[in-house]
Amino acid sequence: FAPHAIDNGRFIDREGLYEEKAKKWRQQLGIDPSELVIVYAGKLEPIKNLEWLIAAIRETKDLPIRLIIAGNGPLEKSLKQQAAGDARILFIDFQNQQMMPVVYRLGEVFILCSHSETWGLSINEAMACRRAILASDTTGCAADLVINGVNGYVFDLTDKSDLIDKIRTFVTDKNLLKNMGEA
């Protein structure tokens, strides 16, 4: 019995099909290959702290980044209103589990910034898709799965500048992203 584990094999992309689908989807979304894409996937509810994330991303106007928020939920309308006017923030609807290996590959980085998260299986899934991780210090799995500077970063949820500095590091060092995904 392993409640905080996933079937890694379901996310592995042996033939490169998920990567190809993600590349085409990125093109359809109008994302330039030079932009750093950060993905959040999950429910759009208060505990996920997406208002804070959108506010932080809006403070990074000087960076070539995109944020993709995948999911639906009670905060969807207000989050879209908060993000209005910033074309770097994109929303896609909830995707079924078969599409999740592609969704994670839309970005180079996966983020989870919940106020409280007992674990965070989405981080397990993103890691199985070879993505670098950004996890808030209040995410349960951060202590066990995220090794700062190796496979991602844990950021202080009370300090937007900490998150922004870590995003800036990813933008300036694309090799770091690849190495973190491999780790």
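The values are calculated or read from the model by the stated rules, or taken from the named source; none is laboratory data. This structure is a prediction, so every number in the text was calculated from the model and none was measured. Don't worry about glycine lacking a Cβ; one is built from the backbone with ideal geometry, like all the others, and counts go over all protein chains shown. What goes into the accessible areas is simple: the full protein's heavy atoms, side chains included, and nothing from ligands, DNA or RNA. Shrake-Rupley method; radii C 1.70, N 1.55, O 1.52, S 1.80 Å.
Kindly indicate whether Leu90 is buried (at least 16 other Cβ atoms within 10 Å of the Cβ), aliphatic (A, V, I, L, M) and in contact with a Cys (Cβ under 8 Å, 6 or more places away or on another chain). The answer is no for Leu90. The set of residues from region 116-161 being of a type outside the set (S, T, N, Q), more than 20 Å from Ile6 (Cα to Cα) and out of contact with any Leu (no Cβ under 7 Å at 6 or more places or on another chain) comprises Gly149, Val150, Val154, Asp156, Leu157, Asp159, Lys160.
A search for C-beta distances below 7 Å between a residue of region 1-23 that is under 11 Å from Asn124 (Cβ atoms) and at pLDDT 95 or above and any residue that is aliphatic (A, V, I, L, M) and open to solvent by less than 70 Å² (accessible area, probe 1.4 Å), counting only pairs 6+ apart in sequence or on different chains, returns Phe11/Ala128. Consider region 20-35 and keep the residues that are among the polar types (S, T, N, Q) and assigned to a helix (DSSP H, G or I). The one that is surrounded by the fewest Cβ atoms within 10 Å (Cβ to Cβ) is Gln28.
Rundown of residues vs (1) of a type in the set (Ser, Thr, Tyr); (2) within 26 Å of Lys166 (Cα to Cα); (3) over 18 Å from the mean Cα position of the chain (by Cα), yes/no style:
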site	(1), (2), (3)
Gly9	no, no, yes
Lys21	no, no, no
Leu44	no, yes, no
Ile65	no, yes, no
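For region 44-60, filtering for residues that are closer than 16 Å to Asn72 by Cβ, among the hydrophobic types (A, V, I, L, M, F, W, C), surrounded by 19 or more Cβ atoms within 10 Å (Cβ to Cβ) and touching a residue at least 60 places away in the same chain (Cβ under 8 Å) leaves 1.
Within region 98-121, being open to solvent by 10 Å² or more (accessible area, probe 1.4 Å), part of a helix (DSSP H, G or I) and either modelled with pLDDT under 95 or hydrophobic (A, V, I, L, M, F, W, C) (or both) holds for Met99, Met100, Leu121. Only one of the numbered conditions (1) closer than 19 Å to Leu50 by Cβ; (2) open to solvent by less than 30 Å² (accessible area, probe 1.4 Å); (3) touching a helix residue (DSSP H, G or I) at 6+ places or on another chain (Cβ under 6 Å) is violated by Cys129, and that is (1). Take the conditions (1) open to solvent by 30 Å² or more (accessible area, probe 1.4 Å); (2) among the basic types (Lys, Arg); (3) touching a residue at least 24 places away in the same chain (Cβ under 8 Å); Lys178 misses just one of them, which is (3). The single condition among (1) open to solvent by 10 Å² or more (accessible area, probe 1.4 Å); (2) touching a Gly at 6+ places or on another chain (Cβ under 8 Å) that Asn124 does not meet is (2).
For region 139-175, residues that are open to solvent by less than 60 Å² (accessible area, probe 1.4 Å), modelled with pLDDT of 95 or more, within 30 Å of Gly9 (Cβ to Cβ) and part of a loop (DSSP other than H, G, I, E, B) total 1.
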